[in-house]
1. Would you mind working out the magnitude of the charge dipole of chain B relative to its Cα centre, with +1 at each Lys and Arg C-beta and -1 at each Asp and Glu C-beta, to the nearest 20 Debye?
2. Among B:Leu48, A:Val104, A:Leu85, whose Cα projects farthest towards the positive end of the dipole of the protein assembly as shown, with charges put on the beta-carbon of Lys, Arg (+1) and Asp, Glu (-1)?
3. Once you charge only the Cβ atoms, +1 for Lys and Arg and -1 for Asp and Glu, what is the size of the charge dipole of region B:238-332 about its Cα centre, to the nearest 20 debye?
4. Put +1 on the Cβ of each Lys and Arg and -1 on the Cβ of each Asp and Glu in the protein assembly as shown; which of B:Asn171, B:Gly64, A:Leu223 then has its Cα farthest toward the positive end of the dipole?
5. With all protein chains present, calculate the accessible area of A:Asp192 using a 1.4 Å probe and round the result to the nearest 10 Å².
6. From the protein chains alone at 1.4 Å, what is the descending order of accessible area for B:Lys266, B:Lys11, A:Lys124, largest first?
7. Taking the full set of protein chains and a 1.4 angstrom probe, give the accessible area of A:Trp123 in square angstrom, rounded to the nearest 10.
8. Based solely on its DSSP helices, what 222 nm [θ] is calculated for chain A when runs of n ≥ 4 H residues each add -39,500 (n - 2.57) and the sum is averaged over all residues, nearest 500 deg cm²/dmol?
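The values are calculated or read from the model by the stated rules, or taken from the named source; none is laboratory data. Everything numeric here is computed off the predicted structure, so don't read it as measured data. All Cβ positions, even for glycine, are placed from backbone atoms using ideal geometry, and neighbour counts span all protein chains on display. Remember, those area values only see protein heavy atoms, side chains included, never the ligands or the DNA or RNA. Shrake-Rupley method; radii C 1.70, N 1.55, O 1.52, S 1.80 Å.
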Amino acid sequence: MSTRQTRTAARLMMSPAVVLLLGWMIIPLSMTIYFSFLRYNLLMPGTEEWAGLMNYRFFLTDPAFFSAMGNTLLLVGGVLTITVLGGIALGLLLDQPFFGQGIVRILVIAPFFVMPTVSALVWKNMFMNPVNGLFAHAAKFLGMQPYDFLAVSPLFSIILIVAWQWLPFSTLILLTALQSLDSEQKEASEMDGAGPVSQFIHIVLPHLSRAITVVILIQTIFLLSVFAEILVTTNGGPGYASTNITYLVYAQSLLQFDVGGGSAGGIVAVILANIVAIFLMRMIGKNLEV
Amino acid sequence: MGSISLKQVSKVFGDTTVIPGLDLQIEEGEFVVFVGPSGCGKSTLLRLIAGLEDVSGGVIEIDGRDATTIAPAKRGLAMVFQSYALYPHMSVRKNIGFPLKMAKMDKAEIDRKVEGAASVLNLTDYLERRPGQLSGGQRQRVAIGRAIVRDPAAFLFDEPLSNLDAALRVNMRLEISELHQQLQTTMIYVTHDQVEAMTMADKIVVLQAGRIEQVGSPLDLYHKPRNRFVAGFIGSPKMNFIEGAEAARHDAAAIGIRPEHLSLSKTEGDWKGTVGVAEHLGSDTFLHLNVDDIGAMTARASGEFDVSHGDRIFLSPRADKIHRFGADGNAIP
Ligand SMILES: Nc1ncnc2c1ncn2[C@@H]1O[C@H](COP(=O)(O)OP(=O)(O)OP(=O)(O)O)[C@@H](O)[C@H]1O
Ligand SMILES: [Mg+2]
């Protein structure tokens, strides 16, 4: 009886928050869905009319859509690969006792606190710039031709920048996971004859699997919507070489003032994100079960 | 296979000396128990033997071979940890087979050995489970199984039963003793528990602050403790110590008498005392007494002894069971 009452009370108390969250989500979503069925261009106000699936047809048959989708997957996959592998390597390094550990750990985390626009600008102008960038200077010092990163391989450059931002996150999570590994387990495996490599494969890596899953899931959510880095560095170009779905939606709706088309793109992006999420949960979600 | 000798082995952490330098000979097939107060260096000594810590000085020989700098896995010793240290993501089968897999043994052979160990330890029904799905006692057995399959020269146990409840502890104690009878392998066992030490050991090593106070068979230590520390540490309830005039009558700085060596009587005896707390266990009765002119003492009567708080009773020590100690704490023969 008492539990029933507290449950009712709990529902009552939670309802404002739930209603607020629901409204927060439902209203923009339904407006987007509504717009996506309209011919709605900001350059021609007052001419909105029902357009059926036309916006979707245009968006999905646009060649830019397929390259954007490929770019999105490449971006997410590339950044995930770099950050997970790099995070494990850095975590293992930082887990060793060494002089100045505290300071180094703070330094490693620092990039996470830099705004995406700022870090992208810093990379673009200070590192990757073919004339003044540090990389160009280094190349010239070594007697090589400077490489114009953002012009020649724009997507790869953006992957580098985004990976640099997310590396601290994965390092931090994987480091704490490493530190939670029971030292008696390591000692037991040592006594069982496992060298450093087999210890890593058979003891450390399985222990990290849950943390790696968390890193992949959280990063995927954010990486599907990378935007600022692209806007600041390449504007999605050259051509569509570095346009992802998010940027394509922006280009559609705001650069071409086509709200209907942009909304359709947005809905497509939501559906794609959900497909990716389902795949991910299928593949690695079981790691999260106790 | 399985003799271990420590020669002047010492261990220093930073600037604290945990083991100042210690000699110990462990014979093949012996069951040796390390006891001592918390923090006296039992675990450290065990880890030195295992090779999980490097010695600061001295030599460890296993089977007559200098093993001081040999890697833990190569020493041929197996260790059972207090937390069991099972690998949580592996099934019981994989856990037990892990050392064999690391030794690059072929799969059929591993399976055969794992199943052999499992049947010895009653784990056959649990081979496909994960450690998380086992009870404490079963986990303990898996940890022992992982040690057995390696055919080690010696087993090292660090308080293996301290996480188990009392009943299970008695069971596992018997099982480990049984295992020792079967395998006849050297075992070194660290414990806090008096009963474990007394019942399992061929030889008990009493440690204090990294020093060996006495080495001997359980009954040796019980009957002939070398000093006050050992006398007080071995035996439960603790030995009573009496100083002053009563000790002087025996030409000693202190005398000790075990609670079970005091005869109790309601009518006559050497000393007279007031009963404080009486613990009636059925099989025994422990009396905490305040003895006139001497002070607090514990006495043990076997069977029931019908007294209660405040009663006055007589007690007399059995003359041949009095231990005499000099001013330096050493026993006077
Ligand atoms: N890594 C270490 N660094 C510094 N001091 C240590 C270290 N390991 C152990 N010690 C010290 O060594 C002493 C002996 O420790 P040890 O773990 O061997 O005690 P123990 O006899 O096993 O105690 P317990 O019965 O409580 O397990 C303790 O005083 C402890 O503080
Ligand atoms: Mg210990």
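1. On the way: 37 positive and 42 negative charges, 217 e Å.
Charge dipole, chain B, about its Cα centre: 1040 debye, nearest 20.
2. It is A:Leu85, whose Cα lies furthest towards the positive end.
3. Numbers: 10 positive and 15 negative charges, 23 e Å.
Around 100 debye, computed over region B:238-332.
4. A:Leu223
5. It works out to around 10 Å².
6. Values: B:Lys266 110, B:Lys11 20, A:Lys124 60 Å².
In descending accessible area the options line up as B:Lys266, A:Lys124, B:Lys11.
7. It works out to around 30 Å².
8. The per-residue figure over chain A is -22500 deg cm²/dmol.
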